[in-house]
C-alpha cells in the first residue's frame, strides 16, 4: 500500500508527499529479514531516491539508490531477488545523478555494472526491451569518448551496433516468417 501510494504521488509529481509513505513503509519493514520484505525495501529506497532526484537533491538521491543497490546485491547473493530489473533501475538512476554531478568515474563504473547485469538478463532471455541495453552501450561509449578512451568506446559502439542489427533482423524474421 505504501509503495503504490508513493508511486502514484511520484507519477503526479508530488515527491514531497510521497516521502511520507516511503518512510512509513521502511519503518514497517525495518526489522523484517525475509525475501519479500527485502525486495520491498529495495523498491522503497529506489522510490526515495526518485523523490530526492525530483527535488534536485542529487547527493541524497545517490545515497538512497546506493542503499537500494546494497539490498539488491544482498538479495542476488542469497538468490532471493524477485526481479533483476529492480536492481538495475537504481544503478541506472544513480549513474544519472553521478553524471549530473560530474562524477565521471563513478558514472562509468555504474554504467558498466548496469550493462553487465542487462547482458546477463539478455543471455537468460529475461530482458524485455533490448533497446535499453543498446542505449546503455551508447551512453558508455559517449562517456569514454569524452575521456579520450577511444578503444574502449569502440567496444561499446560495436556492441550497440551489433545488438541494433540483430534486433532489426529479429524484427524482420518475425514480420515475414523468413530467414535472412
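Once you have the Cα-Cα distance between residue 1 and residue 74, take 0.36 nm times their residue separation minus that, and quote the gain in nm to one decimal.
23.9 nm
Take residue 14 and residue 104, extend 7 Å from each Cα along the Cα→Cβ direction, and tell me the distance between the two endpoints in nm.
The modelled label-to-label distance comes out at 4.2 nm.
Stretched out fully, how many nm does the piece from residue 154 to residue 82 gain, at 0.36 nm a residue minus the Cα gap?
Here the segment from residue 154 to residue 82 would lengthen by 22.5 nm.
The list [x] 32, 21, 15; [y] 32, 17, 14; [z] 32, 20, 19 gives values of semi-axes √(5λ) of the Cα gyration tensor in Å, and only one came from this structure; which label was calculated from it?
Here semi-axes √(5λ) of the Cα gyration tensor in Å agrees with entry [x].
Label segment 1-108 by shape, choosing from rounded, prolate and oblate, from the square roots a ≥ b ≥ c of the eigenvalues of the Cα gyration tensor; if a/c is under 1.5 it is rounded, and otherwise prolate applies when a/b is larger than b/c, oblate when it is not.
Oblate, since a/c reaches 1.5 and b/c is not below a/b.
What spacing in nm lies between the two simple spin-label points modelled at residue 120 and residue 145, each 7 Å away from Cα in the Cβ direction?
Roughly 3.0 nm, to one decimal.
As an exercise, use a Förster radius of 35 Å and the Cβ-Cβ distance of residue 129 and residue 27 to find the FRET efficiency, rounded to the nearest 0.05.
0.55
As a test of the formula, what do you get for the chain when each DSSP H run with n ≥ 4 contributes -39,500 (n - 2.57) and the sum is divided by the residue count, at 222 nm and rounded to the nearest 500 deg cm²/dmol?
Value at 222 nm, helices only, nearest 500: -27500 deg cm²/dmol.
Could you state the angle between the C-alpha long axis of helix 150-176 and the longest principal axis of the C-alpha atoms of the chain, as a value from 0 to 90 degrees rounded to the nearest 10?
Rounded to the nearest ten degrees, it is 80.
Taking only Cα atoms, what is the 0 to 90° angle, nearest 10, from helix 15-29's long axis to the longest principal axis of the chain?
80
Read the figures in this text as sums done on the coordinates, not as results from a lab. Here the structure is a predicted model, which is why all the values come from computation and not from measurement. Reconstructed Cβ throughout: ideal geometry from the backbone, glycine too, with neighbour counts over all protein chains shown.
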